[in-house]
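The values are calculated or read from the model by the stated rules, or taken from the named source; none is laboratory data. The structure displayed is predicted, hence computed values, not measured ones. As a convention, Cβ positions derive from the backbone with ideal geometry for all residues, glycine included, and neighbour counts pool all protein chains shown. What goes into the accessible areas is simple: the full protein's heavy atoms, side chains included, and nothing from ligands, DNA or RNA. Shrake-Rupley method; radii C 1.70, N 1.55, O 1.52, S 1.80 Å.
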Amino acid sequence: MGKDVEVAEQQGGGGEFSAKDYHDPPPAPLIDFEELGKWSFYRAVIAEFIATLLFLYVTVLTVIGYKSQTDPNLNTDQCGGVGILGIAWAFGGMIFILVYCTAGISGGHINPAVTFGLFLGRKVSLIRALLYMVAQCLGAICGCGFVKAFQKSYYNRYGGGANELADGYNKGTGLGAEIIGTFVLVYTVFSATDPKRSARDSHVPVLAPLPIGFAVFMVHLATIPITGTGINPARSFGAAVIYNKEKAWDDQWIFWVGPFIGAFVAAFYHQYILRAAAIKALGSFRSNA
């Protein structure tokens, strides 16, 4: 989630960072066909596939394990298992681990909504964004497929980890939860990988996976009771494909529309309000006129 992090040289008295010393990295080209001829590009796509596969495998297993440990039909301890807190830790912890492992290779997106937001922020090209999303969805399908292959009876009995709108909530509430939850995540991604901040604070690139993982953790605490927490279209799509029940497909649109709207708003807010990219562009245009 933070490949485009560049550290500017610190100049000025005492080596302190000065705003005049920093220059924004150039935006990624909209369409970059040269990427298709580079091994680093395909390596990054493979990294996104494997990372999303591992993400779904561990997290869906955690969800199913919790449900089996608290199944009232088996007279189990209803206070047993990892609980919602443990599920949230599984999702947030895996994102922290996988972003840390893949940030230097692919940027560690592991989420089509994050990729979409970074594309809107001109951090990745359209070709890279599209292939990342395909790799993420395929990885999610394979991750859930492994869970079902290893524990088929548990997988089918306990819902396959599929995202569904909980009883008592309408679709508008579920959509709103997904929009706000994804906004929190993508806004955190932009903030944690902001190259200007990295130039000023050298420790930020090292710590970037931590706030991103915590954002996923906190959003899960808030929205698991509503939608099971999507905020990642690949996660929701992969589980729905392997579980393949009507309810999961009926609600599937919420887990695509909500995250993409949330990512769009987060990208706009960070790039054009906090970083004032539109004002900078206008100023540059006037100075060259």
Worksheet entry | Part-to-part distance (alpha-carbon centres) for region 218-234 and region 40-54, which is given in Å | 24
Fill in: D (Stokes-Einstein, µm²/s), Kirkwood Cα radius, region 34-273, 1.567 mPa s at 4 °C
72
Worksheet item: Which FRET efficiency value, to the nearest 0.05, do you get for residue 169 and residue 30 by plugging their Cβ-Cβ distance into 1/(1 + (r/R0)^6) with R0 = 45 Å?
Response: 0.70
Fill in: FRET efficiency, residue 244 to residue 39 (Cβ-Cβ, R0 35 Å, nearest 0.05)
0.45
Fill in: region 91-245, accessible surface, carbon-and-sulfur percent (1.4 angstrom probe)
66
Worksheet entry | Sites residue 67 and residue 126, calculated FRET efficiency, Cβ-Cβ separation with R0 41 Å, nearest 0.05 | 0.55
Worksheet, complete the sentence: Once 82, 124 are ranked on solvent-accessible area with the largest value leading and a 1.4 Å probe, the list reads 82, 124
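Just list whichever of 123/148; 67/171; 123/245 have alpha carbons separated by over 27 Å in the model shown.
123/148; 123/245
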Worksheet item: With the other protein chains left in place, how much accessible area per residue, in square angstrom, belongs to region 34-273 at a 1.4 angstrom probe?
Response: 42
Worksheet entry | residue 138 - accessible surface, heavy atoms, 1.4 Å probe, Å² rounded to 10 | 90
